[in-house]
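Visitor: Sharing a structure below in structure tokens format, with a few things to ask.
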């Protein structure tokens, strides 16, 4: 899935193939960091070794035991926080390597496509190995934006699970998840041109729709 959604079908050179491989590595590392946040927190709280499953649309962590409401709350939050922590670590490495001013400026340039940058930042960009720059760009982007998007109230994302823990009405949970997922999918496709995000949230919106239909059928 990473190969396909990263543009693997459009490969025309060895450099393109290298970039796809680096993208798959970024996906693997970032997903594992997120799921390890869940899993290690669960093991710390329960003493039971959890499991991690990687699949086509990301990853899942299973606690392999019954969690209390408080434990579930912190285990759910731990995934996005691990991703944001990993993002912070990458920023610190940039600042330690190039200095705080250039490192922070480089981060803003890669995340927000900032046009006005320090001359020292431009020099650092020119001297950086293209594969290293590519991985740095993707690691920053994935671990910041995906961690934040994971907190949206769309089940089964972490934000959807947190919302489900405080909202007693399953109908509201699935409805909010369906609408939010559909809006994000449309925005990702039309405005951001991010095919992977559009497919992912479209799939989640459909999942929430099916759960809502099942709930209505069960009520009847």
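Visitor: Round to the nearest 0.05 the FRET efficiency obtained for residue 123 and residue 17 when R0 = 35 Å and r is the Cβ-Cβ distance.
Guide: On the way: r = 29 Å, r/R0 = 0.83.
Taking R0 as 35 Å, the efficiency between residue 123 and residue 17 is 0.75.
Visitor: Okay, helix-only estimate at 222 nm for the chain: each DSSP H run of n ≥ 4 adds -39500 (n - 2.57), divide by all residues, round to 500 deg cm²/dmol; what do you get? Numbers along the way, then the final one.
Guide: On the way: 9 runs with 153 residues, N = 220.
The per-residue figure over the chain is -23500 deg cm²/dmol.
Visitor: A further question on this structure: Stretch residue 55-residue 196 to full length: gain in nm at 0.36 nm per residue minus the Cα-Cα span?
Guide: Numbers: separation 141, 0.36 × 141 = 50.76 nm, distance 1.43 nm.
Residue separation times 0.36 nm, minus the Cα-Cα distance, leaves 49.3 nm.
Visitor: OK, next. Would you mind putting 125-138, 196-209 in packing order, based on average other-beta-carbon counts within 10 Å, highest first?
Guide: Values: 125-138: 13.6, 196-209: 19.2.
Going by the mean number of other Cβ atoms within 10 Å, highest first, we get 196-209, 125-138.
Visitor: Could you give the radius of gyration (one decimal) and Dmax (whole number) of the Cα atoms in the stretch 153-220, in Å?
Guide: So, for the stretch 153-220, Rg and Dmax equal 12.3, 41 Å respectively.
Visitor: Return the FRET efficiency for the residue pair residue 213, residue 29: r is the Cβ-Cβ distance, R0 is 35 Å, and the value is rounded to the nearest 0.05.
Guide: Values: r = 37 Å, r/R0 = 1.06.
Here the calculated transfer efficiency is 0.40.
Visitor: Follow-up question, since we're still on this one. Starting from the Cα gyration tensor of the chain, multiply each eigenvalue by 5, take the square root, and state the resulting semi-axes largest first in whole Å. Show your work: numbers first, answer last.
Guide: On the way: eigenvalues 232, 92, 55 Å².
Computed over the chain, the values are 34, 21, 17 Å.
Visitor: Does anyone have the angle between helix 195-219 and the longest principal axis of the chain? Alpha-carbon axes, 0 to 90°, nearest 10?
Guide: The answer is roughly 10 degrees.
Visitor: While we're here: Specify the angular offset, from 0 to 90 degrees and rounded to the nearest 10, of the alpha carbon long axis of helix 100-112 from the longest principal axis of the alpha carbons in the chain.
Guide: Helix 100-112 sits roughly 60 degrees off the main axis of the chain.
Each reported figure results from applying straightforward, stated rules to the coordinates on display, with no laboratory input. Note that the coordinates shown come from a computational prediction; the quantities given were computed from them, not determined experimentally. Here Cβ is always computed from backbone atoms with ideal geometry, including for glycine, and neighbour counts include all displayed protein chains.
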